[in-house]
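Colleague: Below are the structure tokens for one structure; questions will follow.
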Amino acid sequence: MYIKRRQFLQFASSTLATIGLSQWDITQQGDKYAKVLAQNTPRKLALLVGINDYPTSSLRGCVNDVQLQQELLIHRFGFNPKDILTVTNSQATRKGILTAFEEHLIKQAKPGDVVVFHFSGHGSQVSDKPSCDEIALKLSKECANSTLVPIDGQNQEGGVKQIMGHTLFLLMSALKTENVTVVLDSCHSGGGKRGNFLVRSVGNSNLYEPSSEELEYQRQWLKKLNISPQEFVDRRRKSIAKGVVIASAKREQYAVDANFSNFRAGAFSFLFTQYLWQQIGDESLKRAILNIGRSTKVYARGSKQIDQDPEFESNFSQKNATPPIYFTPLTTQSADAVVTKVNGDKVDLWLGGIDSQALEAFEKDAIFTVLDTKGGTPALVQLESREGLMGYGRLVNTTQSRPSSQLQPGILLQERLRSIPNDVTLKIGLDDTSLDNNALQQAKQALQSIKRIEVLPLGITEVQYIFGRMTEAKYQDLQKIKSPKLPDVGSLGLFLPMLNQIIPNSFGERNEAVNGAITRLQPKFKSLLAAKVVKQMLGNTSTSRVAVTTSMTVAGSTKILSETYPTRGVKKVSTETTRPAPKPVNSSDSNVPKLSLGTKIAFEVRNDESVPLYVSILVVDSSGDMAVVFPNDWSVSNDAALLDPGKRLVIPQTDVDDFVLTVSEPLGFSEALIVASTTPLRDSLKALKDIAKSRGLENTRTLVPVTEDQLLNIADTLLNDLDAGTRGGITAEGIKLPTGIRGVDTQKLAAMAIAFEVVGK
């Protein structure tokens, strides 16, 4: 489909009106900005600010956000490294940030230049009584203005030394160019730790006063810009100063530091930059916003729940229709990585375009295609190790290889083969806020005795789920967000990593013993692990070269709920068969379809390849349970999953199949996982046929009930079927894969996801 959720801009403050930002209807107006091609501007300037080392509430991913943006601007948007100024940690005082903005951006930028300002760190609020008239109260319901918190901005004596939204408005106004993009990855909705995440906010129950120094700084800029106080208020209420402002969360939501497989960053910054590495040349602003938005919800639905809706605000006129740099259509090819250093046949890579859910499959042995300027495939690089998003590999010895002297920093790479170990594990954290030391030790010992389960401390690395007890405080919090069917206080079960959602059907009775709870949960762990194994293949919708399209529809109609296809495979499809992107019906603000209980749905898969494809469809619900939807014809041989070239497949077929697909509980976000492969699914199909035969269903076309143990076996056999190196561990190019590693080839596999939200009637 397109990926998943976010809408854009709330500067970590009160309402948009409080900081002079009006609501902008992206989906109605975005297309007109996307029609303008990138212009050759005289200069592209960027100021990137990231603060981890706050004195009283440190963060961990903000400096990495700066690197994410820096690599993106250099390698995808053509910035000269000398024109990018980074200000981090001890440098990022209030004075340091303001001076850098004045000297690097305001004094240097000329009309037509591109300017980018990025801030990652804490956000907060201060009192804004001077602007608190009747209109402001009606719009915002409070007299507050958002702030960016510099490293010295937590001292409240004489007012907080923070940078107000009003100040940022004036600084943007002072720029001599209209092509301005401001990105803010901070919030003000509360501080401290949330499960496995850190919240980027200095939470205060009372509003502090801004410092006199800050207010005097604003008065000086009003004088320089010849703007009266009332005109300043009027401008802020009308729109932002100029260009575009993108913020990571609404004011009542969290903007968080997150763990991404041994890499810490802002959840928004990582997903935002990763998407832009994948953006292709003709993609519109409207679709870019939708894609970045949906990517967050996919991230949220899976192993990492974040309630975070970024927002977007623009100030463009017909006279000034140049889009901001991040939403300018690109002429270069999409990329998953870029060469940063070459030493002989050794190659350093920046893995900025790798999907967050697939990053674990790029520890080592993954293979990349090296792109030349004409889009050819002159060489391959094999990954040997990874630290965060830095990869270290070698130029492999194949018939396509070219001398390493011709491989230069800045050359882009695309994923060819990802490597998935045979022993993928499920990572479980323990909630030390609800379990005492004795319970923590019992849980750790019991979980460590289960194969393919890793027990990890919170806040250090990525975990998929948290084992803990339902406390009165958690119960009250979950009630506020209307979480369905809450378990009893005192019961044990599984939470998503922010502790703001539970895994349905994972909690037992009140005051259950820890060992008993973990024994009870063992089938659930297998089901969750099976889903993770399959999802290791996913995230290749943007990298696969297989031409296939999948849609989810309302059964018996042509009403498309959502659609997905590999963007690198779409070039093979003729314009006659390519369907425009659909507008999902009854969708949330992220365009993820909301389906009521009892809704009947169907899936359609269309093979636009010149060769047959073997198809499998699985659905993972909000509790982590997985069901096999297709194949389902147990009376046929190995061709049961086969889809011929140019043909389409509808599941279920109303006049043939003995079942219907009806949306049922549990409520929450579910995903349909669609696998299309040029490789026959022999092992997984045999496993499914054996299950059908054991239940006396071998001569039917129906869904077969599958246990948790069987799901894990099916997931493993499916990966075996798709393994590019099963024949002696050798790929088509003659590259040997290590024992215990399965390689999933982008030229042979498309693994796609369609997300939907199950809601009550």
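Colleague: Across region 366-389, what is the total count of residues that are farther than 17 Å from G410 by Cα, basic (K, R) and at pLDDT below 90?
Modeller: Selection size over region 366-389: 0.
Colleague: Quick check on my filter: what residues within region 547-566 are free of Cβ contacts under 8 Å to residues at least 40 places away in the same chain and charged (D, E, K, R)?
Modeller: Pass one, region 547-566, residues free of Cβ contacts under 8 Å to residues at least 40 places away in the same chain: 557-560.
Within region 547-566, just K559 meets the criteria.
Rundown of residues vs (1) touching a Gly at 6+ places or on another chain (Cβ under 6 Å); (2) surrounded by fewer than 24 Cβ atoms within 10 Å (Cβ to Cβ); (3) modelled with pLDDT of 85 or more; (4) not in a helix (DSSP H, G or I), yes/no style:
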position: K110; (1), (2), (3), (4): no, yes, yes, yes
position: F117; (1), (2), (3), (4): no, no, yes, yes
position: Q125; (1), (2), (3), (4): no, no, no, yes
position: P130; (1), (2), (3), (4): no, yes, no, no
position: L137; (1), (2), (3), (4): no, yes, no, no
position: E142; (1), (2), (3), (4): no, yes, no, yes
position: T147; (1), (2), (3), (4): no, no, yes, yes
position: E157; (1), (2), (3), (4): no, yes, no, yes
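Colleague: Under the condition of being of a type outside the set (A, V, I, L, M, F, W, C), at pLDDT 90 or above and assigned to a strand (DSSP E or B), which residue from region 592-618 is farthest from S562 (Cα to Cα)?
Modeller: Y614
A quick yes/no check of all residues on (1) part of a strand (DSSP E or B); (2) farther than 21 Å from R510 by Cα; (3) hydrophobic (A, V, I, L, M, F, W, C):
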{"site": "D432", "(1), (2), (3)": "no, no, no"}
{"site": "L435", "(1), (2), (3)": "no, no, yes"}
{"site": "N438", "(1), (2), (3)": "no, no, no"}
{"site": "Q441", "(1), (2), (3)": "no, no, no"}
{"site": "Q445", "(1), (2), (3)": "no, yes, no"}
{"site": "V455", "(1), (2), (3)": "yes, yes, yes"}
{"site": "I460", "(1), (2), (3)": "no, yes, yes"}
{"site": "V463", "(1), (2), (3)": "no, yes, yes"}
{"site": "I466", "(1), (2), (3)": "yes, no, yes"}
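Colleague: What are the pairs, 6+ residues apart or on separate chains, where a residue within region 612-633 that is free of Cβ contacts under 8 Å to residues at least 40 places away in the same chain and on the phi < 0 side of the Ramachandran plot has its Cβ under 9 Å from a residue that is assigned to a loop (DSSP other than H, G, I, E, B) and of a type outside the set (S, T, Y)?
Modeller: F630/P652
Colleague: If I ask for residues that are over 30 Å from the mean Cα position of the chain (by Cα), among the hydroxyl-bearing types (S, T, Y) and in a helix (DSSP H, G or I), which ones from region 680-721 would you list?
Modeller: S694
Colleague: Does any residue of region 472-490 turn out to be touching a Lys or Arg at 6+ places or on another chain (Cβ under 7 Å), over 12 Å from K427 (Cα atoms), small (G, A, S) and touching a residue at least 12 places away in the same chain (Cβ under 8 Å)?
Modeller: Scanning region 472-490, I find at least one residue that is touching a Lys or Arg at 6+ places or on another chain (Cβ under 7 Å), over 12 Å from K427 (Cα atoms), small (G, A, S) and touching a residue at least 12 places away in the same chain (Cβ under 8 Å), so the answer is yes.
Colleague: Here is a follow-up. Restricting the search to region 476-524, which residues are crowded, with 16+ Cβ neighbours inside 10 Å and not in a loop (DSSP other than H, G, I, E, B)?
Modeller: L478, L492, G493, L494, F495, I502, V514, A517, I518, R520, L521, K524
Colleague: Something else about it: Would you confirm whether or not region 184-199 contains a residue that is outside any loop (DSSP other than H, G, I, E, B), in the same structural domain as S228 (by TED's automatic domain parsing) and modelled with pLDDT of 75 or more? Give the steps one after another, and end with the answer.
Modeller: Pass one, region 184-199, residues outside any loop (DSSP other than H, G, I, E, B): 184-185, 193-194, 197-199.
Pick out the ones that are also in the same structural domain as S228 (by TED's automatic domain parsing) and you get 184-185, 193-194, 197-199.
Now narrow it down to the ones that are modelled with pLDDT of 75 or more: 184-185.
Within region 184-199, one or more residues are outside any loop (DSSP other than H, G, I, E, B), in the same structural domain as S228 (by TED's automatic domain parsing) and modelled with pLDDT of 75 or more.
Colleague: Also: Within the set of pairs 6+ apart or on separate chains, which have a first residue in region 688-706 that is of a type in the set (S, T, Y), a second that is surrounded by fewer than 20 Cβ atoms within 10 Å (Cβ to Cβ), and C-beta atoms under 6 Å apart?
Modeller: Sorted first by the residue in region 688-706, then by its partner, the pairs are T700/D658; T702/D658; T702/F659.
The values are calculated or read from the model by the stated rules, or taken from the named source; none is laboratory data. None of these values were measured; they are calculated from a predicted model. In this analysis, Cβ positions are derived from the backbone assuming ideal geometry, glycine residues included, and neighbour counts consider all displayed protein chains.
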